[in-house]
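Enquirer: I have a structure I would like to understand better, so I am pasting it below and will then ask my questions one at a time.
Throughout, read-outs are computed from the coordinates displayed, never taken from laboratory work. Quantities reported herein were computed from a predicted structural model and do not represent experimental measurements. Here the Cβ positions follow ideal geometry from the backbone for every residue, glycine too, while neighbour counts run over all protein chains shown.
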Amino acid sequence: MRMEENKPLAPLTTFGIGGPGRWYVEAESEEDIREAVGWAGDSGVSVFALGGGSNLLVSDAGFDGLVIRVALKGIEMQEAAPGLGERMYSVAAGEDWNALVERTVEDRCAGLECLAGIPGTVGGTPVQNVGAYGQEVGSVIERVRVFDSQERTFREFSAEECGFSYRRSRFNSADRGRLIVTRVDYRLKQDGEPTLRYPDLQRIFAERAREGKQPTVLEVAAAVRKIRHTKGMLLVDGDADCRSAGSFFKNPIVSKETFDEVANVRAEEPPHFAAGPGQVKIPAAWLIENAGFRKGDRLGSAGISSRHTLALINGGNSTAAEVLELAEKIRGAVRRMFGIELEMEPVMVGF
């Protein structure tokens with residue numbers, strides 16, 4: 001295991017922001033993770049596990065501890081159970097997420113097609129219970145293998161034990177910072193029907209639906225990437241709107257009573273989605289825009305994407321402090337106007 005000191009972290013993130021990691025190792029095996037965590041524990045050093053760097057903001061001071069970049073590779077696919085038409089993909093945490101989705105849709109397996117184009121690695125998907133366009137990864141996860149940094153042993157959790165909910169799991173709540181994901185097993189449906197719950201996807205395939213024809217999972221994944229590109233949510237070299245952490249705020253889930261109050265403030269019914277008994281999900285982008293912010297707004301070098309108000313971007317040489325100042329300005333305006341507290345989605349490192 002080769003350890004580096006004062007490793008620049010900004011280039012390892014999609015935001016391109018942040019100071020160095022005091023110590024840094026790339027873990028290419030589970031034994032590397034065990035050894036690195038053991039060294040940190042014996043040295044009294046904090047640990048942060050880094051994947052694709054797509055959903056985090058590193059402080060300007062960096063991280064005064066050990067950064068373990070999880071680089072485990074390998075994909076195994078097998079029939080999940082005879083006669084069920086399901087396939088199990090056992091995937092190492094360091095594999096590229098979008099590449100995995102591409103492989104599964106090319107294999108004509110349903111379950112991940114709406115999650116195409118999301119940057120990052122496999123290990124991050126159960127942590128945030130990654131979701132988009134009507135799908136959540138927790139719905140197809142069979143089990144997650146982790147290294148428990150407190151017990152210094154490997155453990156496996158079923159999907160039920162992971163505690164998945166909207167953008168949450170045990171990995172970013174009760175066990176935050178304790179468990180390092182090393183492998184995720186996904187159970188997918190061979191030749192299954194694609195998920196077409198999201199309005200944008202329904203519009204794209206409306207003509208097909210009128211003809212009684214179903215798009216393939218490959219076609220749905222391609223459509224999702226196209227939508228993400230139009231919103232600046234697809235990593236494209238040279239695209240200024242891509243220097244972000246994706247959606248910076250979670251879509252708030254509120255009571256029906258709170259939703260009615262929001263509607264009264266604007267004298268119009270906001271776009272919304274059912275989120276369980278008596279619960280409604282309101283798009284954070286709608287709240288932000290109706291609190292007075294627009295695409296392309298700037299605060300210093302930091303700004304709002306020119307294509308989507310949910311994404312805060314690095315305008316070229318932004319600092320983490322500028323991004324957080326803009327985020328707090330947005331949160332304060334939404335709070336004052338609607339009485340709703342927007343929750344930031346990226347992981348905050350070194351603050």
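Enquirer: Roughly what would the spin-label model give for Arg203 and Arg307, points 7 Å off Cα along C-beta, in nm?
Expert: Label at Arg203, label at Arg307, 1.5 nm between them.
Enquirer: Which three lengths, in whole Å and largest first, does the stretch 240-349 cover when its Cα atoms are put on their principal axes?
Expert: Ordered largest first, the stretch 240-349 gives principal extents of 43, 26, 21 Å.
Enquirer: Would you calculate the convex hull of the Cα atoms in the stretch 85-149 and tell me its volume per residue in Å³?
Expert: Values: hull volume 5.9 nm³, N = 65.
In the stretch 85-149, the Cα hull volume divided by residue count equals 90 Å³.
Enquirer: Right, another one. If you take the square roots of the eigenvalues of the alpha-carbon gyration tensor of the chain and sort them as a ≥ b ≥ c, do you get rounded (a/c under 1.5), prolate (a/b over b/c) or oblate? Walk me through the intermediate numbers first.
Expert: Numbers: a/c = 1.67, a/b = 1.09, b/c = 1.53.
It is oblate, given that a/c is not under 1.5 and a/b is not larger than b/c.
Enquirer: Which of Trp286, Phe48, Val127 sits farthest toward the positive end of the charge dipole of the chain, with +1 on the Cβ of Lys and Arg and -1 on the Cβ of Asp and Glu?
Expert: Toward the positive end, the furthest listed residue is Trp286.
Enquirer: Sum -39500 (n - 2.57) across every DSSP H segment of at least 4 residues in the chain, then divide by the residue count to get the 222 nm mean residue ellipticity, nearest 500.
Expert: Values: 10 runs with 94 residues, N = 351.
When only DSSP H runs of four or more count, the value is -7500 deg cm²/dmol.
Enquirer: So in the chain, what percent of DSSP beta bridges are antiparallel if you round to the nearest 5?
Expert: On the way: 49 of 62 bridges.
Roughly 80 percent of the beta bridges in the chain run antiparallel, per DSSP.
Enquirer: Order of Glu289, Glu257 from fewest to most other C-beta atoms within 10 Å? Don't skip to the end; give the middle numbers.
Expert: Values: Glu289 15, Glu257 9.
In order of increasing Cβ crowding within 10 Å: Glu257, Glu289.
Enquirer: I've got another one for you. In the Gaussian network model of the chain, springs joining C-alpha atoms below 10 Å, which of Ala311, Ala320, Ala132 carries the largest mean-square fluctuation?
Expert: Maximum among the listed residues: Ala132.
Enquirer: Which aspartates and glutamates have a Cα less than 17 Å from the Cα of Lys189, not counting those fewer than 8 places away in the same chain?
Expert: Answer for Lys189, where 17 Å is the Cα cut-off: Glu76, Glu79, Glu86, Glu102, Glu106, Asp107, Glu113, Glu136, Glu142, Glu219, listed by chain and number.
Enquirer: Give the average over all directions of the projected area of the C-alpha convex hull of the stretch 179-240, one decimal, in nm². Before the final figure, lay out each step's value.
Expert: Details: hull surface 28.0 nm².
So the mean shadow area of the Cα hull is 7.0 nm².
Enquirer: Kindly write out, for the stretch 128-137 in residue order, the coupling ³J(HN,Hα) from the Karplus curve 6.51 cos²θ - 1.76 cosθ + 1.60 (θ = phi - 60°), rounded to whole Hz, with x marking Gly and Pro.
Expert: Residue by residue, the stretch 128-137 yields 8, 6, 3, x, 5, 6, x, 10, 10, 5 Hz.
Enquirer: Here is a follow-up. What whole-number distance in Å separates the alpha-carbon centres of the stretch 78-130 and the stretch 171-207?
Expert: The stretch 78-130 and the stretch 171-207 have Cα centres spaced 8 Å from each other.
Enquirer: I would also like to ask the following. Roughly what % of Cα-Cα distances in the stretch 75-230 sit above 27 Å, to the whole percent?
Expert: Working: 2892 of 12090 pairs.
Within the stretch 75-230, distances greater than 27 Å cover 24 percent of Cα pairs.
Enquirer: Here's another thing I want to ask about it. Relative contact order, percent, of the stretch 228-351 when contacts are C-alpha pairs under 8 Å separated by at least 6 residues?
Expert: Values: 196 pairs, mean separation 35.3, N = 124.
RCO, the stretch 228-351: 28 percent.
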